[in-house]
Structure formats: C-alpha cells, structure tokens
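Notes for the one structure printed next.
The values are calculated or read from the model by the stated rules, or taken from the named source; none is laboratory data. The structure displayed is predicted, hence computed values, not measured ones. In this analysis, Cβ positions are derived from the backbone assuming ideal geometry, glycine residues included, and neighbour counts consider all displayed protein chains.
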Ligand SMILES: Cc1ncc(C[n+]2csc(CCOP(=O)(O)OP(=O)(O)O)c2C)c(N)n1
Ligand code: SF4
C-alpha cells in the first residue's frame, strides 16, 4: 500500500495480495475469523509478530510444528494477550527492532478472561495492536456463552428449554469500556464492509501506542448458519443495528457508516439457528434494546433515528437452515 495514499480513500483494490496467513489451515468453510485474519495480515505485512491466546484461531492455524502464519507467531495461555503482546514489544525495543506486535484474541479471551490484561495494556498505552475476533461465544471448547453472546442466543451454557430460552442478558459493551481508556485509536469492523475494514486496519497500523480493533466474525457451527451466508449475515448485522461501525480517537467516537433506516432485527436473526427458538416477546425486547442503545450512544451523529421500534408478531421464522430447532 502506497505511503502517499490518503487512508480515507483506500479500497479493497489497495490491499496487497501477498499473504502472511496462508492456505492449508483447518478453519470451517465460511469462518469469519479466518476471513478477518487473512485480510488483516495482508495489510499488516511481513514486519509483524503475532500472538494468539487459546481460541479457535490457535487450533485451526497452528498445530505444532506447523503454522499458517508466515511471520513469527507465539501462543501461551488464554487470559494474557495484553500482557504477552506488551512483553514481546518490550523485547523488540530492547533489541532495537521495529516489528509491529499484534494480538488476535477471541471474545471469551477479550470480554471475559482477558479483560484485565487488555485494560492494563490500554491504560499503559503500550505500542501494540489488539484485535478481538468476536464470534460471540467460546467456540473452540464447544460453544459456551461469553459476555459477547447476544440476548436470546442459544449456546451450550445458555440452553433452550421450557424455562430458559437462550441467553437472558444483553451483550456486554466492551467497545465503550475500551473507549473509556481513551486509546490513540480503536474501531469496530465488519468483514462485509470491506473498504471501511481496510481503512481502519491501515489507520491502526499507522498509529503509535495502544490500538484496539473489534471485528464481528460469524461462526458457522456456533451460529447454526450456512457457510455460504457468512457475508450476508455480517452485512445484516450492520444493517439491523446489531453491529455498529465506528472509530474513536482518544475516546472521541464517530460513526463510519450510518444506515439511513435500519432493517428489522428479525432479518438478521432468521438466518441463524441459534435464535430459532426466540419468542415474540424476546425478539421485541432485543429490538427495543438495540434501538435504545444505539440512540444513547450515537444520537448526536445522525439527523433522524435510523433504528425503528419494529414490533414483530411472529416468532423468528428460520430461513432454511437444516440445523433449525437446536
Ligand atoms: C485459564 C483457561 N481456562 C480455560 C481454557 C480452555 N479454553 C481454551 S480456548 C477456550 C475458548 C476460547 O473462546 P474465545 O476466546 O471466545 O475464542 P474462540 O474459540 O471462540 O475463537 C477455552 C475455554 C484455557 N485454555 N485456559
Ligand atoms: S468453529 Fe467457528 S470460529 Fe471456529 S473455525 Fe469453525 S467457523 Fe471458525
């Protein structure tokens, strides 16, 4: 990517086509994590050192002695991405080397068990890039609920029965927790809004100090979706307000994509078997929550509310997934 280019004008065409995350890994077809990592590594390039904690990415990308990363790569424990990336960067500084350090952690490793190390690294303004690959559950160990799991979703620890019908709490707002640290740069990304994706990774690469990127990464078995619909689902997350694209520089946030009118949340839910059991009341509660939350955070940046309080009268009609009825 040319240095002279204005980052705000970069597009898909500006992404180098040399891979540093190679073919031959074992991700499921349609895995959002693999799509995100492949493209982030293309932009970060060869002078990069990668840290990955316990997560799906470790399992499908690096079975010792092989690795799909064509750059130096480390793995130790689950809870320490912020701390290990800090240590690698300190070692590079001591050796007088300029390599960039990136940590790729799952949502369990970020929202829950890794939050303390992440907060410490952000607070110290360590010169590292932290990427959260958010597939909204602990997928590697069998689809357990995390702080990132959305309201209503089935997981093996938020089961669907006569009394409990999926997760009863709403998704933890880790972005605003991170924004409160006022890092030099942070952003949310979608693999289906690719020009926005490229610009944010390139901006994160160009800035010194702590940077946090949060990518929504659909998971085929965990979301009970079809592998061919990963991009459609990622796109609908943004169009329904289930995922908001913004960036924040030192805590000051701005939307990078403003849907003119958001689609009903059911358009997103119906492509995923994890929501197939949701009752009318639960769908309406989720719709109300996301409109309220969106308005609280972004009302100053839009002229009219893009989120509508759609009231559904039917349960989620699931759209052709053979895994319907979890
Ligand atoms: C301290 C500790 N507790 C539990 C585990 C088991 N474990 C390994 S990976 C993993 C789930 C990772 O989930 P997430 O961070 O969301 O990444 P994903 O697998 O979804 O990509 C768990 C529970 C562990 N390795 N270490
Ligand atoms: S289980 Fe989900 S996150 Fe893991 S490789 Fe498969 S699609 Fe990707």
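Please state which one of 126, 79 is over 26 Å from residue 198 (Cα atoms), modelled with pLDDT of 95 or more, out of contact with any strand residue (DSSP E or B) (no Cβ under 8 Å at 6 or more places or on another chain) and not in a helix (DSSP H, G or I).
Values: 126 fails: over 26 Å from residue 198 (Cα atoms).
Checking each option against the conditions leaves just 79.
The combined condition, being in contact with a helix residue (DSSP H, G or I) (Cβ under 6 Å, 6 or more places away or on another chain) and either surrounded by 22 or more Cβ atoms within 10 Å (Cβ to Cβ) or touching a residue at least 40 places away in the same chain (Cβ under 8 Å) (or both), is fulfilled by residue 126. Please enumerate the residues belonging to the range 98-123 that are out of contact with any helix residue (DSSP H, G or I) (no Cβ under 7 Å at 6 or more places or on another chain), more than 30 Å from residue 154 (Cα to Cα) and modelled with pLDDT of 95 or more. Across the range 98-123, the qualifying residue is only 123. Here the condition is being away from ligand 1 (no atom under 16 Å from the Cβ), under 28 Å from residue 233 (Cα atoms), out of contact with any helix residue (DSSP H, G or I) (no Cβ under 6 Å at 6 or more places or on another chain) and without any contact (Cβ under 8 Å) to a residue 12 or more places away in the chain; of 13, 94, it holds for 13 alone. Checked against the criteria, residue 85 does not count as surrounded by fewer than 23 Cβ atoms within 10 Å (Cβ to Cβ), under 22 Å from residue 34 (Cα atoms) and over 17 Å from the mean Cα position of the chain (by Cα).
Among the helices (runs of 4 or more DSSP H) confined wholly to the range 187-240, which include 2 or more residues that are within 15 Å of ligand 1 (Cβ to nearest atom) and either at pLDDT 95 or above or more than 26 Å from residue 166 (Cβ to Cβ) (or both)?
Details: elements: 194-206, 220-223, 230-239.
In the range 187-240, 220-223 are the helices (runs of 4 or more DSSP H) which contain 2 or more residues that are within 15 Å of ligand 1 (Cβ to nearest atom) and either at pLDDT 95 or above or more than 26 Å from residue 166 (Cβ to Cβ) (or both).
Residue count for the range 38-58, restricted to those that are buried (at least 21 other Cβ atoms within 10 Å of the Cβ), within 11 Å of ligand 1 (Cβ to nearest atom) and not in a loop (DSSP other than H, G, I, E, B): 2.
What's the number of the only condition in (1) touching a helix residue (DSSP H, G or I) at 6+ places or on another chain (Cβ under 7 Å); (2) over 22 Å from residue 233 (Cα atoms); (3) surrounded by 17 or more Cβ atoms within 10 Å (Cβ to Cβ) that residue 192 fails to meet? Condition (2) is where residue 192 drops out.
Determine which member of the set 286, 290 is surrounded by 18 or more Cβ atoms within 10 Å (Cβ to Cβ), at pLDDT below 95 and over 16 Å from the mean Cα position of the chain (by Cα). Walk me through how you get there before you give the answer.
Working: 286 fails: at pLDDT below 95.
None of the others qualify; the one that does is 290.
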